[in-house]
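The values are calculated or read from the model by the stated rules, or taken from the named source; none is laboratory data. Nothing here was measured: the structure is a model prediction, and the numbers come from that model. So basically every Cβ, Gly included, is an ideal-geometry build from the backbone, and we count neighbours across all protein chains shown.
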Amino acid sequence: MKNFFKKIRSFFNTKLGFFVLAIVLFWIKTVYAYYTKFNLGVKGSMQTFLLLLNPLPTTIFLFSIAIYMKGRKSYIYLLIIDVISSIWLFSNILYYREFSDFLTMTLIKGSGSVGNNLGKSIAGIIVPTDFLVFLDLVILILLLSIKLIKVDVRKLNWKIPTIITCLSFLLFGANLSLAQADRSGLLTRTFDNNYIVKYLGLNSYVVYDGVKTAKTQAVKASANSSDLKSVKKYMNANYVSPNVEYSGVAKGKNVFIIHLESFQQFLIDFKWDNQEVTPNLNKIYHEQNTLSFDNFFNQVGQGKTADAELMLENSLFGLSEGSAMVTSGTSNTFQAAPAILNQKGYTSASFHGDVPSFWNRDNTYKSWGYDYFFSSEYYKKKKDYDIGYGMKDKIFLKDSTKYIEQLPQPFYAKLITVTNHYPYLLDKQNQTISKTNTGDDTVDGYVQTAKYLDQSIGEFMDWLQKTGLDKKSVVVFYGDHYGISGNHKKAVAKLLNKDKFNDFDNTQFQRVPFMIHMDGLKGGINHTYGGEIDVLPTLMNLLGIKDKQYIQFGSDLLSKNHSQIVTFRNGDFVTPEYTKVGSSYYDTKTGKILKKLTSSQKEELDNISNHVTTELSLSDKIITGDLLRFYNPEGFTKVNKKDYSYKKSVALKKLKETKDKNTLLKETGESTTDKYSTDAPELEK
Ligand code: GP9
Ligand code: MN
């Protein structure tokens, strides 16, 4: 035994030994921080394995730089690298406690809003155990200074550090490929900084974020106000005046935007297991006072939900790669719906039962001018309240009412559901319809979660009625994107009782519901072709808000002059006559491929293609060049992100101050949450 310790000690007395000790200590404290300071949502053995593995490659790489050096220098450099990495870890712990997200270069360099928000409260949020992330340094320095470990001044054979550096690359490669296999699109789609840290670690995250920021910054730096000219020219040439018959019919009403996760149009009136899958939404769809669109398409790219949110509230397209909310949400200037409505006297709030960092909502919503962001942190948590990405819809919608009733009216409230999300998991007690029988596991649970979502909507609408809010509100429903992707053609054919399902059919399958429901609204099923990009101009017209001065790529769906060209992010399109998929053109009505084009058809298709690519590239230019920072629409005051905080204590305080304002709570004199009836089994216990 004694011999063993002697051996270990003499190993630590070598440069290599000290290096190994430093890595082991750094690894232990990082894992400690992962488990106790962050909420990374690690699920399953692979993610646990990757979490344990991911501090190693980068730590080995960084520390190995020091062992190329000679003598004492090598130890000093190693400690300096250790200090810097530890400070990075420490800063993230503090930032995370406040914002449930990691620091980004944009935040550090940018508006100073980190300092602004964090500075004041740093003393208040620090806890003694945070300093444990410096413990390894203290140990190392102590061991050296009391000479329990001696400095080894010999130079290492160059082969050893080289092998170690190579090993770090190998390890990183293995880490990355396992991570990509567990979560495809990890680096390209960038859902959430939490994911990058969970899979690749804090050091890789800093590089990843740095590269991303540098890239975005470079494009932004080279853009200038004259780039706006082509955009404005296009806007003037393509402006469609809205339908005056509908102008202002919803003036002054509250607005509910109900985000139906992964909900496709085909579900409307769809029957399975001898029952309607979505009876509540079907009812709303067919009601006299609902304007329903049956040729409304989702137009999202990789940003999925984030792209849908961006289009709906800005009438700008998502980017061809990644998510604009992530790359540009923090730093860009926007003229978004929440801000526009704020300035017309509305209170704006977004509700979502997932962590605030997902899709960078916590930062983007500030740029969009949201007064409130009620993320999962605002809701009561219990083990069985969550499934998949966040809270179960029934519980989420019910628990949102306590905040809704405190919002000064008129308000603009966006409720983002999430249970009907791939892979369509639902616990037994909530299943009220059997799975479909296509044999495709990804597809067959879809009707179960869709039905659950539908029931939650039924319960919510019931509450609106009981509280009288339905008379004072316009309720907008939309499906954000497909639930069943083009990779499941066989199963979809079976589901729809068709003998084939090809690329053309899949394009038509991108229809999602869009419904505007309001007491007294002249409704009906409208067959106009359009998509998510058109929602904002349509809504603005109903609310009686002029938006000609804004840069928006969509147009009022109710206008006779609405173009009916539905642009997809990849350059494909659908119009009432034509559908383009890749390099093929189809007749939209018959689904027949157009092999021989007449010269007039060719000309028409060229014009449409031209329109599609022009609007996509102009929209991209606006986002990547941050062009709206040069634009001052008449009557709009620029949003100052520093004015916003989604910290729970701040929001709750702000809500308390609304008690004398025109809230539902003030009207009724007592909370309306008891009026909410739900059959959520989790709440009965
Ligand atoms: C998570 C949710 C899912 O917060 O919005 O996003 P998606 O995967 O649908 O893009
Ligand atoms: Mn989604």
Residues of the range 70-85 being surrounded by 14 or more Cβ atoms within 10 Å (Cβ to Cβ) and touching a residue at least 60 places away in the same chain (Cβ under 8 Å), which ones? Tyr75, Leu78, Leu79, Asp82, Ser85
Go through the range 580-639 and count every residue that is closer than 18 Å to Leu228 by Cβ, surrounded by 14 or more Cβ atoms within 10 Å (Cβ to Cβ) and more than 25 Å from the chain's Cα centre (by Cα). 5
Determine, yes or no, whether Lys414 is over 24 Å from Lys383 (Cβ atoms) and either within 14 Å of ligand 1 (Cβ to nearest atom) or touching a residue at least 12 places away in the same chain (Cβ under 8 Å) (or both). yes
List every residue pair whose Cβ atoms lie under 6 Å apart, where the two residues are 6 or more positions apart in sequence or sit on different chains, the first residue falls within the range 294-322 and is hydroxyl-bearing (Ser, Thr, Tyr), and the second residue, located anywhere, is within 12 Å of ligand 1 (Cβ to nearest atom). Thr305/Asp480
Okay, helices (runs of 4 or more DSSP H) sitting entirely in the range 170-289 with 2 or more residues that are among the β-branched types (Val, Ile, Thr), I get 193-200, 202-222
Only one of His488, His481, His517 is touching a residue at least 12 places away in the same chain (Cβ under 8 Å), in contact with a Ser or Thr (Cβ under 7 Å, 6 or more places away or on another chain) and within 16 Å of ligand 2 (Cβ to nearest atom), namely His481
Sort through Gln299, Gln275 and tell me the only one that's within 16 Å of ligand 1 (Cβ to nearest atom) and modelled with pLDDT of 95 or more. Gln299
The conditions are (1) modelled with pLDDT under 95; (2) surrounded by fewer than 18 Cβ atoms within 10 Å (Cβ to Cβ); (3) under 40 Å from the mean Cα position of the chain (by Cα), and Phe131 fails exactly one of them. Which is it? (1)
Could you list, in sequence order, the residues of the range 420-436 that are in contact (Cβ under 8 Å) with a residue 24 or more places away in the chain and more than 16 Å from ligand 2 (Cβ to nearest atom)? Leu426, Asp427, Gln429, Asn430, Ile433, Ser434, Thr436
Test Ile67 against the stated conditions and say whether it is of a type in the set (Val, Ile, Thr) and surrounded by 20 or more Cβ atoms within 10 Å (Cβ to Cβ). yes
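Per-residue answers, yes or no, for (1) polar (S, T, N, Q); (2) within 16 Å of ligand 2 (Cβ to nearest atom); (3) touching a helix residue (DSSP H, G or I) at 6+ places or on another chain (Cβ under 6 Å):
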site	(1), (2), (3)
Tyr365	no, no, no
Trp368	no, no, yes
Lys380	no, no, no
Ile387	no, yes, no
Asp393	no, yes, yes
Leu397	no, no, yes
Ser400	yes, no, no
Pro408	no, no, yes
Phe411	no, no, no
Within the set of pairs 6+ apart or on separate chains, which have a first residue in the range 592-609 that is part of a helix (DSSP H, G or I), a second that is at pLDDT 95 or above and surrounded by fewer than 14 Cβ atoms within 10 Å (Cβ to Cβ), and C-beta atoms under 6 Å apart? none
Can you tell me which residues in the range 302-319 are at pLDDT below 95 and more than 16 Å from ligand 2 (Cβ to nearest atom)? Leu319
From Asp547, Asp587, Asp572, residue being without any contact (Cβ under 8 Å) to a residue 12 or more places away in the chain and not hydroxyl-bearing (Ser, Thr, Tyr): Asp587
Out of all the residues in the range 444-467, which are under 18 Å from Lys271 (Cα atoms) and either modelled with pLDDT under 95 or among the aromatic types (Phe, Trp, Tyr) (or both)? Tyr446, Tyr452
For the range 480-516, name all the residues that are surrounded by fewer than 17 Cβ atoms within 10 Å (Cβ to Cβ) and small (Gly, Ala, Ser). Ser485, Gly486, Ala493
When the range 357-370 is checked residue by residue, the ones that are surrounded by fewer than 24 Cβ atoms within 10 Å (Cβ to Cβ) and touching a strand residue (DSSP E or B) at 6+ places or on another chain (Cβ under 7 Å) are Asp362
If I filter the range 536-553 for residues that are assigned to a loop (DSSP other than H, G, I, E, B), within 23 Å of Lys253 (Cα to Cα) and touching a His at 6+ places or on another chain (Cβ under 6 Å), do I get at least one hit? no
The condition of being within 22 Å of Asp674 (Cα to Cα) and small (Gly, Ala, Ser) holds, among Gly479, Gly458, Gly439, only for Gly458
